[in-house]
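Structure first, then comments.
The values are calculated or read from the model by the stated rules, or taken from the named source; none is laboratory data. All values reported here derive from a predicted model rather than from experimental measurement. Backbone-built Cβ (ideal geometry, glycine too); neighbour counts: all protein chains shown.
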Amino acid sequence: MEPSVMVYLMTGFLDSGKTQFLKFTLQQDYFQIDGKTLLILCEEGEEEYNPMEMLRYGVVMETVEDQDGLTEEYLEEMNRKHEPDRVVIEYNGMWKVSDFEAMKLPEGWGIEQKLTTVDASTFQMYLTNLKPLFVEMVRGAELVLFNRCMDLKPLPGYRRSVKVVSPQAEVIFEDENGEIENIFEDDVPYDLKAPVIKIAREDYGIWYVDMMENPDRYRGKTVEFTAKVLKPRAFPSKVFLPGRMAMTCCADDTTFLGYVCRSAYAPKLKPGQWVTVRAKVRYANVSVYRGEGPVLEAETITPAEPIDELVYFN
């Protein structure tokens, strides 16, 4: 059943621009509703809201001082007190997002959108110290907004890192003048026009994300790469998953990244062996992707030397 009260969950570390983003959004015509919006604030940043100004847009505000105060009972109380038509939660960057996502929301409430803001100038520092918190913020997010982007060089790496955790997320970069565009065009280190697009071992992560994001670049093309064989139990005998272990810049654990590959030779492959795959790329709806994704039709599969290093994205 569709929720009648849409909940917007705003995440990000302290001073990442959450309040600025919400103040702007709450005042836009496209975000106006006839009823009441309840804004729950879970941390105090440098930027503050003007309660009277917020009331003009139908927004009432409540503050939660510490995480112990944000309980299922508290949300029920807020629901009774305000009877909101919409809820926006500015979440505390030091609290695990999974704690909130595990809560039973009041009847009729449902998370509609999860949005994350990132201060690009302090991003690397937060990642070094608080990686698991960031992963939870971006996992399942619809929008990840990097603001204060002064140095463009690391941005492609940041973007790929988010995309591996959350493929569906729209990733936007802004500097002091607004959105930065066209910084990722043709941002691949291999020849897309070659008869066989050969993916070097160090470019695997870039290729993996780009194939997912830009189907038109790869549909009908032939690619060649080296990967490890994985044979999930649910896969038919002539289908396997060639891939590599990856460490994103925003995860503590590693993830196996591979695409579905069909081959008559697949039954002879052993899980864990290394192969070089040359395959034609098509796109189809496959359950493991929960939608459309790349399907590789293998032309040749040959034994290969193992690659020890992990895939990185920046």
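Among the residues here, T300 does not qualify as polar (S, T, N, Q), under 28 Å from the mean Cα position of the chain (by Cα) and either farther than 30 Å from Y126 by Cβ or not assigned by TED's automatic domain parsing to the domain that holds M137 (or both). Among the conditions (1) of a type in the set (A, V, I, L, M, F, W, C); (2) farther than 30 Å from T37 by Cα; (3) crowded, with 16+ Cβ neighbours inside 10 Å, the only one that F134 does not satisfy is (2). Residues in the stretch 158-199 that are of a type in the set (V, I, T) and exposed (fewer than 14 other Cβ atoms within 10 Å of the Cβ) were compared, and the one that is modelled with the highest pLDDT is V196. Scanning the stretch 255-274 for residues that are outside any strand (DSSP E or B) and of a type outside the set (D, E, K, R) turns up Y259, S263, A264, Y265, A266, P267, L269, P271, G272, Q273.
For residues in the stretch 289-311 being of a type in the set (D, E, K, R) and modelled with pLDDT under 95, which is farthest from P215 (Cα to Cα)? The qualifying residue farthest from P215 (Cα to Cα) is D308. Those helices (runs of 4 or more DSSP H) of the stretch 101-214 in which at least 1 residues are in contact (Cβ under 8 Å) with a residue 40 or more places away in the chain and either polar (S, T, N, Q) or farther than 30 Å from A284 by Cβ (or both), considering only elements entirely within it, cover 123-138, 155-165. For the stretch 76-88, the set of residues classified as outside any loop (DSSP other than H, G, I, E, B) and buried (at least 22 other Cβ atoms within 10 Å of the Cβ) consists of V87, V88, listed by residue number. Of the residues making up the stretch 83-110, those that are of a type in the set (G, A, S) and farther than 14 Å from P132 by Cβ number 3. The residues of the stretch 200-230 that are at pLDDT 95 or above and either of a type outside the set (S, T, N, Q) or surrounded by fewer than 15 Cβ atoms within 10 Å (Cβ to Cβ) (or both), listed by number, are Y218, R219, G220, K221, V223, E224, F225, A227, K228, V229, L230. Checking the structure you have, find out if any residue of the stretch 275-287 is modelled with pLDDT of 95 or more and out of contact with any Pro (no Cβ under 9 Å at 6 or more places or on another chain). Yes. I'd like to know if the stretch 275-288 contains one or more residues that are part of a helix (DSSP H, G or I) and either touching a Cys at 6+ places or on another chain (Cβ under 8 Å) or under 21 Å from V209 (Cα atoms) (or both). For the stretch 275-288, residues part of a helix (DSSP H, G or I) and either touching a Cys at 6+ places or on another chain (Cβ under 8 Å) or under 21 Å from V209 (Cα atoms) (or both): present. Going by the conditions given, is G258 buried (at least 16 other Cβ atoms within 10 Å of the Cβ) and closer than 30 Å to Y126 by Cβ? So G258 fits the description; yes. Tell me yes or no: at least one residue of the stretch 118-130 is under 14 Å from Y8 (Cα atoms) and either under 29 Å from the mean Cα position of the chain (by Cα) or of a type in the set (A, V, I, L, M, F, W, C) (or both). No - not one qualifying residue is present in the stretch 118-130. Here is the figure for the stretch 78-95: residues that are closer than 18 Å to E112 by Cβ and among the basic types (K, R) total 1.
Among the residues of the stretch 26-49, just one is among the polar types (S, T, N, Q) and modelled with pLDDT of 90 or more, namely T37.
Conditions (1) within 27 Å of the chain's Cα centre (by Cα); (2) closer than 24 Å to L192 by Cα, marked per residue:
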position	(1), (2)
A266	no, no
K270	no, no
W274	no, no
V281	yes, yes
E292	yes, yes
L296	yes, yes
A304	no, yes
I307	yes, yes
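Considering (1) farther than 22 Å from F146 by Cα; (2) hydroxyl-bearing (S, T, Y); (3) surrounded by 15 or more Cβ atoms within 10 Å (Cβ to Cβ); (4) in contact with a strand residue (DSSP E or B) (Cβ under 7 Å, 6 or more places away or on another chain), the lone condition that T63 does not fulfil carries the number (3).
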